[in-house]
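One structure is given here, and the rest of the page talks about it.
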Amino acid sequence: MNIMTAKPASNQAFKSKRTDWGRIGAYAALVLFAIIYLGPLLMLVNTSLKTLPEFMKNATSLSSSFNFKNFADAWTKASFPRYLTNTLIYTLSATAIYVVTAVFVAFPISRGYIKGAKYVLTMFVIALFLPVALIPQFQLMLRVGLYNNPIGYIMLFLVNPIGIVILVNYIKTLPKELDEAAAMDGCGYMRFVLSVVFPLIQPAVATVAVLHAIGIWNELILPTIYLTNKAYYPITRGMIVFQGVYGSNWPTLAAAVLIMTLPMVIIFLVLQRYIVSGLTQGAVKG
């Protein structure tokens, strides 16, 4: 009996000592992808902390001094206060309008309160793969007098099919009994969506808001086409002007890029758990 009971114990000890190559390979792959993604960002930070002579001497070496003057120079020379103010106005206003209207569009589609709701959702999915009609869009902006106009530029970002798809799939996870209970209590449609639906879909709203805001913040083609007045430039368009003037000063240019990306990085880190929750739970039903 002692011999028979000793064998399983020895087998378990052997299995515990055996190297789990699968787990090691998974961690190695994660480390590799982290290096690939974080490498350029760390190189950008390292460059922004160098002096120009130090960078010209060896561009890839680690910074020997923390030259924060590059950030001060970038902030003053690149007209960052004005460009950041414009970008904040465009991003916040367009995102707020889009999120509110998108919820009111997605709710009846998800509940099937309109005829052909499935086909309407299919049209939004198809729109994800269609290219932007820049020429008709440009002609329309000219004809309605919204070219080189901040209001017209904001209106360009009031349509985004991916947000509708995410919201529709997330709202489908809400029990339909809530609609019936609200109707029996005499709750109106607008009040129900604002006071009941909005609080319950906060992860999806945060996901759509962050994705939409990042898209507006990083947009370069549309401001280049539709905004010719320097007073209306967003930060991405202003960076082109800054690069043209200070293109040879790579440390200052790297500091300017970091200043431009920092707000979106902070917002993403703060709302990361809502973004993951909104994407995963919204994919349960389709």
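Quick note: the coordinates plus some simple rules give every number you see, no bench work behind them. Quick caveat, the model's predicted, so the values are computed rather than measured. Methodologically, a virtual Cβ is constructed for each residue, glycine included, from the backbone with ideal geometry; neighbour enumeration extends over all protein chains shown.
Ranked highest first by the average count of other Cβ atoms within 10 Å around their residues, in what order do 179-186, 197-204 fall?
Order by mean packing, descending: 197-204, 179-186.
Shape of the range 19-69 from its Cα gyration tensor (a ≥ b ≥ c, root eigenvalues): rounded if a/c is under 1.5, otherwise prolate when a/b > b/c, or oblate?
Here the range 19-69 falls in the prolate category.
If we sort 138-148, 207-217 on the protection proxy, mean other Cβ atoms within 10 Å, highest first, what's the order?
Per-residue Cβ counts within 10 Å, averaged per peptide and sorted highest first, yield 207-217, 138-148.
Tell me the mean residue ellipticity at 222 nm calculated for the chain from its helices only (DSSP H runs of n ≥ 4, each -39500 (n - 2.57), averaged over every residue, nearest 500).
My calculation for the chain gives -23000 deg cm²/dmol from helical runs alone.
Please give the length that would be gained between T224 and Y119 if that part of the chain were fully extended, namely 0.36 nm times their separation in residues minus their C-alpha to C-alpha distance (nm, one decimal).
Residue separation times 0.36 nm, minus the Cα-Cα distance, leaves 34.3 nm.
Among [x] 204; [y] 240; [z] 132, which one is volume of the Cα convex hull per residue in Å³ computed from these coordinates?
[y]
So, R0 is 35 Å and r is the distance between the beta-carbons of L62 and A231; what FRET efficiency does that work out to, to 0.05?
Approximately 0.30, to the nearest 0.05.
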